[in-house]
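Written out below as structure tokens is the structure these notes cover.
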Amino acid sequence: QQQVKQSPQSLIVQKGGISIINCAYENTAFDYFPWYQQFPGKGPALLIAIRPDVSEKKEGRFTISFNKSAKQFSLHIMDSQPGDSATYFCAASKGMAARQLTFGSGTQLTVLP
Amino acid sequence: GAVVSQHPSRVICKSGTSVKIECRSLDFQATTMFWYRQFPKQSLMLMATSNEGSKATYEQGVEKDKFLINHASLTLSTLTVTSAHPEDSSFYICSARGVDGYTFGSGTRLTVV
């Protein structure tokens, strides 16, 4: 019930294309869904996050789509750039209180120039 | 935004010695910090939850006597890997919850030779 399943494991996109990463969760008590970007040798950095009371959130080229009934959420990166090449992790937690995040398995994104 | 500083970024130690990793919240107070371990091309694995002024809570399978955690102040948590062995070589990352969500340190690459 604590799992967050992420796909695909790796993704190769041409510059200017759209990168789409999907996550599915089981625990209906989760109510905070962040996405993190991690470059090699660095800690994860918060990219964008959503709560289940909205179906979509957009920040610049990054958009989260959230489907509460399907228990799925996805990250869309528009106009993907080579600098976006990194590993992306979805995560979920129950409440914003100091509880640990449950992470997806990660997606290694490569954007070709 | 919230900043979590982690030191050292890299450390090489001899087998049998101990290594201390520091995690500081620079511009906010964190009663709870989290310690993760990450193997190459894998997701973050929560090791323990560090609570200010009390004992840490360890995840199942994590040796509390090997991975000593101290959270003596609202801005500092330390992880000490005791009697390190080559299998302890990994990337260790701390995090804390700030106003904008969970913030991660830049990680520590531990190599035990």
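Miscellaneous remarks
- Enumeration of residues in region B:48-103 that are surrounded by 19 or more Cβ atoms within 10 Å (Cβ to Cβ) and charged (D, E, K, R): B:D88, B:R97
- Counting only strands (runs of 3 or more DSSP E) that sit wholly inside region A:20-113, those with at least 2 residues that are within 23 Å of B:S5 (Cα to Cα) and under 15 Å from the mean Cα position of the chain (by Cα) are A:33-38, A:45-50, A:86-92.
Conditions tested, residue by residue: (1) over 28 Å from A:G95 (Cα atoms); (2) in a strand (DSSP E or B).
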residue	(1), (2)
B:T17	yes, no
B:C23	no, yes
B:A30	no, no
B:R37	no, yes
B:T111	yes, yes
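- Here is the figure for region B:1-47: residues that are within 18 Å of B:G98 (Cβ to Cβ), polar (S, T, N, Q) and under 13 Å from the mean Cα position of the chain (by Cα) total 4.
- Among residues of region B:53-88, those that are within 14 Å of chain A (Cβ to nearest Cβ) and outside any strand (DSSP E or B), counted: 7
- Filter result for the condition that a residue is closer than 27 Å to B:E59 by Cβ, touching an Asp or Glu at 6+ places or on another chain (Cβ under 8 Å) and within 13 Å of chain B (Cβ to nearest Cβ), over A:G43, A:G95, A:G106: A:G95
- Residue match in region A:15-32 (condition: over 19 Å from B:Q42 (Cβ atoms), within 11 Å of chain B (Cβ to nearest Cβ) and surrounded by 16 or more Cβ atoms within 10 Å (Cβ to Cβ)): yes
- Residues that are aromatic (F, W, Y) and at the interface with chain A (Cβ under 9 Å from one of its Cβ atoms) within region B:1-52 comprise B:F34, B:Y36, listed in sequence order.
The numbers here are math on the coordinates, done by the rules we state, and not lab data. Predicted model, so just to flag it, every value in this text is computed and none were measured. Please note: Cβ atoms are built from the backbone with ideal geometry, for glycine as well, and neighbour counts cover all protein chains shown.
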